[in-house]
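Report on the structure given below.
Nothing in this text is a laboratory measurement; each read-out follows from the coordinates by a stated rule. Computed from a predicted structure; not experimentally measured. Using ideal geometry, Cβ is built from the backbone for each residue, glycine included, and neighbour counts are taken over all protein chains shown.
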Amino acid sequence: MEIKDWPSAKTTPALYRELKGLGLLENLAELEAFGYTVLTPDQVGSEAQHEAARNAVLRIARERKNCTNEELEEVFADGQELLRFVLWDDPIFEKLVLHPAALGLIQWLVGTDCILSLCNAWVKGKGESRTEIHADWAQFDMPTMAVEPYGANFNYLLTDYSKEDGGLSFVPGSHRWRRLPSSEEATYWADNAEPVEAKAGSMIIWGDHTWHGSYPKTTDGLRLMILGMFNRPHMQTQEAYRQTVSNEALARNPARFAGLMNIYNSMPWGKTPDYGKTVKAPQGYQSLFDEEPAGDRFRLPNERDYHSYDSRTGDKLKAQMSGDGIQFLDVYKGAGTGLKK
Ligand SMILES: O=C(O)CCC(=O)C(=O)O
């Protein structure tokens, strides 16, 4: 059928067309049916890109552990670590969080206005260490998951994955159960979950409803991976991107990057709410293929004074709220989503 820009479907038609253009409809179906999907190394990038990403991870690991490449295997023997907050440590990470196929599928799960929550390098050594079966759903006080995922991940594999390689494992279909595993279930699935068999350069994508874990690594060498997690924009991010992004980083990246940094979410408010006025969000759908540097379109908001009440802004807001109520809702929604101002 013809996919039109039906307003009722919001940004979904535009995203759907781009995913179709990228040949990702089968991946979409896998996400819906089984809760995860795997992109091939060719879909993810060139051999040079995979190599550059691997080298960046090894360099960061060496620097943080203050050791040589040769010593890394010993450092991570029987262990694994998420090397956190690597976005600003190498230019390749800014490219990866905007990767059209990965970001497109992630946006399918958590919305075209999703934000970056974390960007990590994950290093795992040979030995007993493994990740227990869990779901990334982080609303621990909400035992029943919402219908829509709130978070979605990519794992960019920089070494081959198999059961023996200590790769990721999934409980296919578990995203439909919409609850976290009990400890008994986590124990059962630890050795029964389906291991991902995929070559270095592949990317695995899934939402925060899907149960997953990993197997111990019995083969020699390190398991290397880059992890990106994206959230809906009302959520607290795991890492401090909004607080650390620079005007230079906003300028050298396309408009969508500013959204990933969550800079036009006006909350939290002080006495004078600034419903997203300081940093104007781009209107409508942002193409996955937009590579045009934003230049000076976005600037970080000035330091906010939460304690002062600005009566001119207050009067304006009073006028907006004096209508039939719907007006106010529009203003309020626009502040959080960046879609409507
Ligand atoms: O690779 C692993 O051991 C687990 C990865 C994981 O849980 C995640 O990326 O959310």
- Stokes-Einstein D in µm²/s, Kirkwood radius over Cα pairs - the chain at 20 °C with 1.002 mPa s viscosity: 100
- Item | For K280, K126, K10, order by how many other beta-carbon atoms lie within 10 Å, fewest first | K280, K10, K126
- Query: Treating the beta-carbon of each Lys and Arg as +1 and of each Asp and Glu as -1, no other charges, what is the dipole magnitude of the chain about its Cα centre, to the nearest 20 debye?
  - Reply: 1460
- Using a Gaussian network for the chain with springs between C-alpha atoms less than 10 Å apart, which of these wobbles most: K316, K65, K20? K316
- Query: Taking square-rooted eigenvalues a ≥ b ≥ c of the alpha carbon gyration tensor, is the range 33-190 rounded, prolate or oblate, where a/c under 1.5 means rounded and, failing that, a/b exceeding b/c means prolate?
  - Reply: oblate
- Query: What value, in deg cm²/dmol to 500, does the helix sum -39500 (n - 2.57) over DSSP H runs of n ≥ 4 give at 222 nm once divided by the residues of the chain?
  - Reply: -9500 deg cm²/dmol
- Note on the structure: Honestly the range 140-249 on the Cα gyration tensor test (a ≥ b ≥ c root eigenvalues; a/c under 1.5 rounded, otherwise a/b vs b/c for prolate or oblate) is just oblate
- How far is the Cα center of the range 98-161 from the Cα center of the range 203-227, in Å? 10
- Output for the range 134-203: chymotrypsin sites (Phe, Trp or Tyr not before Pro) sitting in coil per DSSP, at most 11 other Cβ within 10 Å, listed by number, reads F140
- By how many nm would the segment from E132 to A251 grow when fully extended, if each residue of separation counts as 0.36 nm and the alpha-carbon distance is taken off? 38.8 nm
- Query: Can you give the FRET efficiency for S311 and R84, using 1/(1 + (r/R0)^6), R0 = 56 Å, r = Cβ-Cβ distance, to the nearest 0.05?
  - Reply: 0.80
- Message: Please arrange Y309, Y264 by how many other C-beta atoms lie within 10 Å of their C-beta, fewest to most.
- Response: Y309, Y264
- Given H placed 1.01 Å from N in the peptide plane, which residues other than close sequence neighbours of G151 have an amide H under 5 Å from its amide H? D208
- Give me D for the range 157-214 in µm² s⁻¹, whole number, from Stokes-Einstein with Rh from the Kirkwood sum over alpha-carbon pairs, 37 °C and 0.692 mPa s. 275
- Cβ-based exposure ranking for R223, R59, in which fewest neighbours within 10 Å come first: R59, R223
